[in-house]
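No value in this document is a laboratory result; all are computed from the given coordinates. In this text, all values refer to a predicted model and were calculated from it rather than measured experimentally. So basically every Cβ, Gly included, is an ideal-geometry build from the backbone, and we count neighbours across all protein chains shown.
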Amino acid sequence: MLADSASKDFWDPVKKRRILWGWSTGGAPKALPRELTYHPTLQSIVQHPVEELDELHEQVVTEIPSSITLAAGEERHVGTANATDAVMTFVLPQLSTGEWCTFGFATQGLVSPDGSNHSVLKDGFIVSINYTLPNASEVASGINYVDTAVSITARPAPPPHHADVDGDGDAARRAHGGPRPPPPPAAPVPLLALLTNETEVKLRVFTDGPGRSIEIYWMGGRKAITKMWNSHNGQPLALPAGDWRGSMAIWNDANSSAVVEMQSLKIWTMGSIWATEEEVLATPRRDGVGGISEGI
């Protein structure tokens with residue numbers, strides 16, 4: 001899955017790579033810049049975050065270098081912060097035929113005023129992997145196609161009377177009894193391709209909060225998506241008095257057939273991606289050519 005909307009790419013002659021830019025699903029912000037590579041076995045394009053994004057890492061929020069297990073129905077809080085980069089690896093669960101296991105990462109959950117209560121699965125942004133064993137044709141091909149999802153469980157705030165909640169300019173018509181147009185159909189989401197001999201799944205999640213956008217990369221960019229928080233037809237999210245958003249968790253669905261092992265997790269806060277004009281002009285060119293002294 002390439003950039004979410006109106007994508008454009010260019011060739012970086014210094015690092016010999018192709019960079020992709022695009023817009024997020026459902027809103028104005030751009031997706032993060034992605035480097036495009038080719039996976040010969042899967043015969044598909046892989047898009048992963050450019051390495052320069054690592055330079056925006058500030059403080060480590062959470063680091064879990066050794067494995068932990070999650071029983072079915074278990075949710076474990078792993079930090080509280082906004083504007084984060086979370087990198088994690090899960091071991092694929094041991095299943096029998098007909099069994100399944102849904103697990104993943106959740107972010108931007110509610111935090112109580114005193115910081116003691118964290119609610120993510122019921123009031124956050126959920127990234128999930130629904131793992132099942134490959135069927136006979138997938139075993140023969142060597143590729144297991146796994147379902148993934150991104151969902152918002154946070155409730156939208158009630159809109160004011162006759163408000164134009166989705167920004168489409170038809171508030172006046174609805175105020176006079178006109179029907180609200182139906183939402184556009186959901187775009188098809190490609191499955192995540194795993195090689196049948198792979199034993200783990202890697203997940204990287206960038207969050208721009210509170211309550212703005214999220215960008216997810218499965219398996220180093222075999223699948224990637226940028227999504228905004230305005231999926232409730234543009235309505236703002238409910239925020240109980242005193243609460244704030246920023247809670248993160250790892251989880252295993254209550255109906256999963258097996259425990260899930262998380263092999264590692266590291267979460268950083270992220271600095272601003274924006275640079276001033278002065279910073280841009282003062283930055284040396286990577287190819288060593290030009291610069292302010294040459295009027296370029």
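In plain terms, the chain from residue 149 to residue 66 could stretch by 27.3 nm, reckoned as 0.36 nm per residue minus the Cα-Cα distance. Annotation for region 15-98: trypsin sites (Lys or Arg not before Pro) lying in DSSP loop with at most 10 further Cβ atoms inside 10 Å of their Cβ are 16.
The length gained on full extension between residue 51 and residue 254, counted as 0.36 nm times the residue separation minus their Cα-Cα distance, comes to 69.4 nm.
Mean sequence separation of contacting Cα pairs (under 8 Å, at least six apart), scaled by the length of region 1-140, corresponds to a relative contact order of 12 percent.
Between region 188-227 and region 104-122, the alpha-carbon centres lie 21 Å apart.
Take the alpha carbon atoms of region 95-145, find their radius of gyration, then divide it by 2.2 N^0.38 Å using N residues; give the quotient. Normalised by 2.2 N^0.38 Å, the Cα Rg of region 95-145 equals 1.75. Residue order for 11, 268, fewest other beta carbons within 10 angstrom first, comes to 11, 268.
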